[in-house]
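Colleague: Please see the structure below; I have some questions.
The values are calculated or read from the model by the stated rules, or taken from the named source; none is laboratory data. Here the structure is a predicted model, which is why all the values come from computation and not from measurement. Using ideal geometry, Cβ is built from the backbone for each residue, glycine included, and neighbour counts are taken over all protein chains shown. Quick note on the areas: whole protein, heavy atoms, side chains included, nothing else; ligands and nucleic acids left out. Shrake-Rupley method; radii C 1.70, N 1.55, O 1.52, S 1.80 Å.
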Amino acid sequence: MAAGSHHRRQPAEESNAAGGGINIVERLPPDILAEIHRHLTFLDRVAFALVVRRDTGRVMTTDTPWLVLPSSASDETATLVSIADHKRTAAVPTCDPVMRGGHVVVGSSHGWLITTDAKGALRLANPIGGLVRARRLRFGGPPPYDSDTTWGSTPPRTFTLTADQLRRCFYRKVVLSASPRSESFAAMLVTAPTFGVPAFATSEDRNWRFAPSREGVEDAIHHDGRFYSLTYSGLIEAWDRDVNSGGFTSKVVAPRLTVASDDKRRKYLAVAPDGRFVVVFNESKEVQEGYSRRRWTCAFKVQMLDEARRVWEEEPDVIGDMAIFVGVNSSICVSTTDHPEVRAGCVYFTDDEIGKASLRQETRRSYSEPDDDLRSVSAYSFTEDRLD
C-alpha cells in the first residue's frame, strides 16, 4: 500500500471471510474436541483431524488401532485402515519424505509414527494431511562399556553397521511418552536382540542416550506416566529419569514370568483395560506340507499378572472379552464390551521382524506365496486355535 493513500478498515467478519475465515473448531478447548472426536466414525475422524490442525496427534489417538499401508516413493497419499470400522479406508496426503517409499515404521504412539529412512535416520511424523514437521533424532554415542557388562543381554563387542543395516537389524521399536507437539516428551528406543540395550531421547535432548539393562529389553510401552520394558528373561522393569544426570535407570516391578530359560517365543508387553500387565507370547514356525512345501504358521499364549497374589496367570480364558493388538509399532488391549465391533478372544498382529520381512520381499519368487498375507497382517483366535 503506497504512502499517503487511504484504506477503509474492514469489519472483522469481512476481513476473516476475505482471508479464508477463522477456524472456529480450532479454538475449541481440548476436552470438547476429544468429546466430538469420540462420537465420530473412522472416516469422520480423519476428516475432523484434517480440519483441527492444532493437534492432529491427539485427535487421531483412538481406543482401537488403525493401520497405515505402505506407499511408494511416487505416491502422494497414504491409506489408513480401521480394523474396528469393518476395515474401512481413508486416503491422506503423505509427509514427504517421512512416509513415502523406502521408510520403515518402527513405532506408533499418540497418533504419531516413527519411521527410519535409507540413511538410518529416525524421524517423527503425523500421518494426517502432511501437516507435521519431520523431527530428526541423533545418537549421542555408544554406551560406555569399558569393563561394565550390564548394558545389554550380550557381552560387550564392537559392531560396524551400514545405514541400511541400522534400519533392518538395529532398530526394533520406538515408544513415545506423549505427542511430540507437547511441551515435554521422551522417547524410548528398543534395539534388536543382538544388542538388547535401550536408548532414550527427550524434547530437551534429542540425542539418543543408551541406558543399562542387564538382561536386555525385548519390548516396551509407556503407561501411566512411565516407560515399562520386558526383558528377554521375563522381567518387567520401570524406567525413571534422573533429574541431575538426565539418564534413565530401571527397577524390577513384577515377578519373573513363568517361562523356561531357553524359551525362544517372541514376547510383547501390554496393559489390560483394568491396568494389569499382559504379556503375549508368539510362537511362529514352519511346518512341512508334502515333499516340497513348507507352510508358515503361529500360535499365541497370554499371561496376565495377578497383582494381589504377585503371580502370572495363564488360564485359557485369561484373555476374557479382550482383543489384543501386538506388533513392533505398539501393543494394546481393547475391551470388546466397549468395542463390540472387534472380535473377542483374538490377537491381531503384524509382521514385525523388519530385517527378515525385507529379505523375503526382495527374494520373493514369481509365483504366489500364500503365507505372506497371513504373516503380514492377521488375527489368531484362541477359541478356534487358528489364524484368520
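Each row is one residue, and each column tells you yes or no for (1) aromatic (Phe, Trp, Tyr); (2) modelled with pLDDT under 85; (3) over 24 Å from Val271 (Cβ atoms).
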position	(1), (2), (3)
Ser153	no, yes, no
Asp164	no, yes, yes
Phe195	yes, yes, yes
Ala238	no, no, no
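Colleague: On to the next question. Taking region 262-308, which residues are of a type in the set (Gly, Ala, Ser) and farther than 23 Å from Gly327 by Cα?
Modeller: Passing the criteria: Gly290, Ser292, Ala308.
Colleague: Among the residues of region 194-205, what is the count of those that are over 18 Å from the mean Cα position of the chain (by Cα) and surrounded by fewer than 21 Cβ atoms within 10 Å (Cβ to Cβ)?
Modeller: Looking only at that region, the number is 4.
Colleague: Please go through (1) under 24 Å from Val190 (Cα atoms); (2) modelled with pLDDT of 90 or more; (3) in contact with a Phe, Trp or Tyr (Cβ under 9 Å, 6 or more places away or on another chain) for Val259 and return the number of the only condition it doesn't satisfy.
Modeller: So the condition that Val259 fails would be (2).
Colleague: For region 264-286, what are the residues that are open to solvent by 40 Å² or more (accessible area, probe 1.4 Å) and either under 13 Å from Ile332 (Cα atoms) or in contact with a Ser or Thr (Cβ under 9 Å, 6 or more places away or on another chain) (or both)?
Modeller: Passing the criteria: Arg265, Pro273, Asp274, Arg276, Ser284, Lys285, Glu286.
Colleague: Taking the condition under 20 Å from Cys333 (Cβ atoms), open to solvent by less than 50 Å² (accessible area, probe 1.4 Å) and not aliphatic (A, V, I, L, M), does Gly246 pass?
Modeller: Taking the combined requirement at face value, the residue does not satisfy it.
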